[in-house]
Amino acid sequence: MDTTPEHMSARSAVGWTVALTGLGALTGFAWDGPFLAFACALSLGGGAALGGVLFRRRMAASIREGQGKAAARGYADGIGDMVVLGVSAYEAAVFPLAGRDAVDPAERAARRTAAYRVTAADGIPHHVREAAAAALEAIDEERDGEARSSLADLIKAVHGQR
């Protein structure tokens, strides 16, 4: 079954046309017999068909516009989540700096590069980019408390855009 906007609007128009034609026929037959049944069916069915033709393009354009907006919002949500993931991975690689839980400098550098690349991607809203920059700055300067609070602010900014 094809579910493109054009086919769905065409099926909807045909369904309304058939339903209104049948309603007109029943109403006309109940009032005055077969001649009025034919006239009412023709007028209601013709009006429904004309309405379907006139509004079909507009309805399909409206559906396509809604799909475009949903895709843009979905992309912004996804890239925001990727920013949070990248910055969180970098933060996990930096803290603690020493001890048995510390990450080696090569992995730390790789995660830093990945976090900065994700943060520089296209389509990230400005407020998310600012929050990510603040988090990355705090992590680079090895301020653990500020890094955690700025990461929490980044998560709030990403969830706030939804």
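The values are calculated or read from the model by the stated rules, or taken from the named source; none is laboratory data. Quick caveat, the model's predicted, so the values are computed rather than measured. Please note: Cβ atoms are built from the backbone with ideal geometry, for glycine as well, and neighbour counts cover all protein chains shown. For the accessible areas, the whole protein counts, side chains as well, though only heavy atoms, and no ligand, DNA or RNA atoms are used. Shrake-Rupley method; radii C 1.70, N 1.55, O 1.52, S 1.80 Å.
Just to be sure I understand the model, the point goes 7 Å from the Cα along the line to the Cβ. What's the resulting Asp140 to Asp32 distance in nm?
Those two pseudo-labels are separated by 8.5 nm.
Please give the calculated 222 nm ellipticity per residue for the chain, where each DSSP H segment of at least 4 residues contributes -39500 (n - 2.57) and the sum is spread over every residue; nearest 500 deg cm²/dmol? Could you put the intermediate results ahead of the total?
Working: 5 runs with 136 residues, N = 162.
Estimated from H runs of four or more residues: -30000 deg cm²/dmol.
Which whole-angstrom value gives the distance between the alpha carbon centres of the range 30-61 and the range 111-162?
58 Å
How big is the dipole moment of the chain about its Cα centre under a simple scheme where the beta carbon of each Lys and Arg is +1, that of each Asp and Glu is -1, and everything else is neutral? Debye, nearest 20, please. Walk me through the numbers on the way to the answer.
Values: 17 positive and 19 negative charges, 154 e Å.
About 740 debye.
Bins of 10 Å, beginning at zero and ending with the bin holding the largest distance: percent of Cα pairs per bin for the range 21-154, please.
12, 24, 15, 10, 8, 9, 10, 9, 4, 0
Can you list the trypsin sites (Lys or Arg not before Pro) in the range 11-120 that are in a DSSP coil and have 11 or fewer other beta carbons within 10 angstrom? Walk me through the numbers on the way to the answer.
Numbers: sites: Arg11, Arg56, Arg57, Arg58, Arg64, Lys69, Arg73, Arg100, Arg108, Arg111, Arg112, Arg117; in loops: Arg100.
The qualifying sites are Arg100.
Which one, Phe55, Leu85, Tyr116, projects farthest toward the positive side of the charge dipole computed for the range 55-132 from Cβ point charges (K/R +1, D/E -1)?
The residue sitting farthest along the positive end of the dipole is Phe55.
Kirkwood Rh over alpha-carbon pairs of the range 54-133, then Stokes-Einstein at 4 °C and 1.567 mPa s: what D in µm² s⁻¹, rounded to an integer?
Value of D from the Cα-based Kirkwood radius: 87 µm²/s.
Which value in nm describes the separation of the simple spin-label points at Asp122 and Ala109, placed 7 Å from the Cα toward the beta carbon?
It works out to 3.0 nm between the two label points.
Which of Ala131, Phe95, Gly74 sits closest to the plus end of the dipole of the chain, meaning its Cα is farthest towards the positive end, when Lys and Arg get +1 and Asp and Glu get -1 on the C-beta?
Of Ala131, Phe95, Gly74, it is Gly74.
How much length is gained on full extension from Tyr75 to His7, taking 0.36 nm per residue of separation minus their Cα-Cα distance?
Values: separation 68, 0.36 × 68 = 24.48 nm, distance 2.65 nm.
Stretched out fully, the Tyr75 to His7 stretch lengthens by 21.8 nm.
Using 7 Å Cα-to-Cβ label points, what is the Arg57/Leu42 separation (nm, one decimal)?
In this crude label model, Arg57 to Leu42 measures out at 2.8 nm.
Kindly sort Ser150, Ser62 by accessible area of their heavy atoms, largest first, with the probe set to 1.4 Å.
Numbers: Ser150 10, Ser62 75 Å².
Of Ser150, Ser62, the descending order of accessible area is Ser62, Ser150.
Specify the longest stretch of the chain that does not include any exposed loop site, a site being one of the GluC sites (Glu not before Pro) with a non-H, G, I, E, B DSSP assignment and at most 15 other Cβ atoms within 10 Å. Please report the intermediate quantities before stating the final value.
Values: sites that count: Glu141, Glu142.
Of all site-free stretches, the longest is 1-140.
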